[in-house]
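The values are calculated or read from the model by the stated rules, or taken from the named source; none is laboratory data. All values derive from a computational prediction rather than experimental measurement. Please note: Cβ atoms are built from the backbone with ideal geometry, for glycine as well, and neighbour counts cover all protein chains shown. Calculation scope for accessible area: heavy atoms of the full protein, side chains included, ligands and nucleic acids excluded. Shrake-Rupley method; radii C 1.70, N 1.55, O 1.52, S 1.80 Å.
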Amino acid sequence: MGPGLDEVGRKRRRVHWPVVAAVALIAVTVLGAWARTVWLPGYRPGLHAGERYGVDVSSHQGTIDWGRVASDDIDFAYIKASEGGDFVDERFRENWAGAAAAGLDHGAYHFFTLCRSGADQAANFLRALPADPGALPPAVDLELAGNCSERPDQASLRRELDTFLDRVERATGQTAVLYVGADFEGLYQVQDDLDRPLWHRRVLRRPDFAGWWIWQAQDHASVDGIHGDVDLNVMRAKAPQR
């Protein structure tokens, strides 16, 4: 006797499912590649009233055509000035002058290291910072990723960070902005206690709390005038009261 109808159906299914799975895998792979290379670089979140787009850059971006950046609906830029007690970004002055000439609001940020005193780091940052009364408030980047291997206790960290902030804020006459990485916050819990405007990273999703001033919406954006990926940020009209 020949095979029954149910057996024939089972054989057909065994033949076709591997093909279906392979096609689905290829489709997912192609879609993922398209999202990474086409959709994600071009993604910009919708702006609410009073909000505007900006970038943050360092020497990693190489030479920047700031006029083209300004023409791509970018209104502000934060530029890396310094790191630790003696490092100054090699393109800081060039980027600062270029952003200013293009009419962008611009500010400087410092990467805070756990291996140097707050006083040394404040002095380094202030030496690099041009006199510019119209500049955006200074920002401090607090992350464990890319930092040194030392992990001081919370009291020591707060003492050095408070020294840095006090000296920078007195010298500039502005309240500093804090970019607090999730890794840093998990170890030191500084975000709420320091009570300063927050620069919050939440990729592709709008922050779910009210107290942010700048939102890093993604870190693989494509912006005219900048070669390669760059961080895309959204700034509110004014820093919220916390």
- Scanning segment 118-129 for residues that are in contact with a helix residue (DSSP H, G or I) (Cβ under 6 Å, 6 or more places away or on another chain) and open to solvent by 20 Å² or more (accessible area, probe 1.4 Å), which turns out nearest to residue 84 (Cα to Cα)? 119
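Could you list, in sequence order, the residues of segment 199-223 that are of a type in the set (A, V, I, L, M, F, W, C) and open to solvent by 40 Å² or more (accessible area, probe 1.4 Å)?
Here is the first cut: in segment 199-223, the ones of a type in the set (A, V, I, L, M, F, W, C) are 199, 203-204, 209-210, 212-215, 217, 221, 223.
If the condition is that a residue be of a type in the set (A, V, I, L, M, F, W, C) and open to solvent by 40 Å² or more (accessible area, probe 1.4 Å), then 203, 204, 209, 210 are the ones that fit.
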- Task: Please enumerate the residues belonging to segment 85-117 that are outside any loop (DSSP other than H, G, I, E, B), open to solvent by less than 60 Å² (accessible area, probe 1.4 Å) and aromatic (Phe, Trp, Tyr).
- Result: 92, 96, 109, 111
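Could you check how many residues of segment 74-83 are open to solvent by less than 20 Å² (accessible area, probe 1.4 Å) and more than 12 Å from residue 128 (Cβ to Cβ)? Don't jump to the end; show me each part of the working.
Initial filter on segment 74-83 (open to solvent by less than 20 Å² (accessible area, probe 1.4 Å)): 74, 76-79, 81-82.
Narrowing further to those that are more than 12 Å from residue 128 (Cβ to Cβ): 74, 76-78.
Count: 4.
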- Identify the single condition in (1) over 22 Å from residue 121 (Cβ atoms); (2) open to solvent by 70 Å² or more (accessible area, probe 1.4 Å) that residue 159 does not satisfy, given that it satisfies every other one. (1)
- Message: Quick check on my filter: what residues within segment 64-118 are hydroxyl-bearing (Ser, Thr, Tyr) and without any contact (Cβ under 8 Å) to a residue 40 or more places away in the chain?
- Response: 113
- Return the total of residues in segment 131-180 being within 15 Å of residue 82 (Cβ to Cβ) and in a strand (DSSP E or B). 5
- Residues being touching a residue at least 24 places away in the same chain (Cβ under 8 Å) and assigned to a loop (DSSP other than H, G, I, E, B) - total across segment 195-205: 4
- Query: Which ones in segment 175-212 are closer than 12 Å to residue 143 by Cα and of a type in the set (A, V, I, L, M, F, W, C)?
  - Reply: 178, 180, 182, 184, 187, 190
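Checking the conditions here, which among 208, 192, 183, 219 is of a type in the set (Asp, Glu) and assigned to a strand (DSSP E or B)? Can you show your working first?
Values: 208 fails: assigned to a strand (DSSP E or B); 192 fails: assigned to a strand (DSSP E or B); 183 fails: assigned to a strand (DSSP E or B).
The unique qualifying residue is 219.
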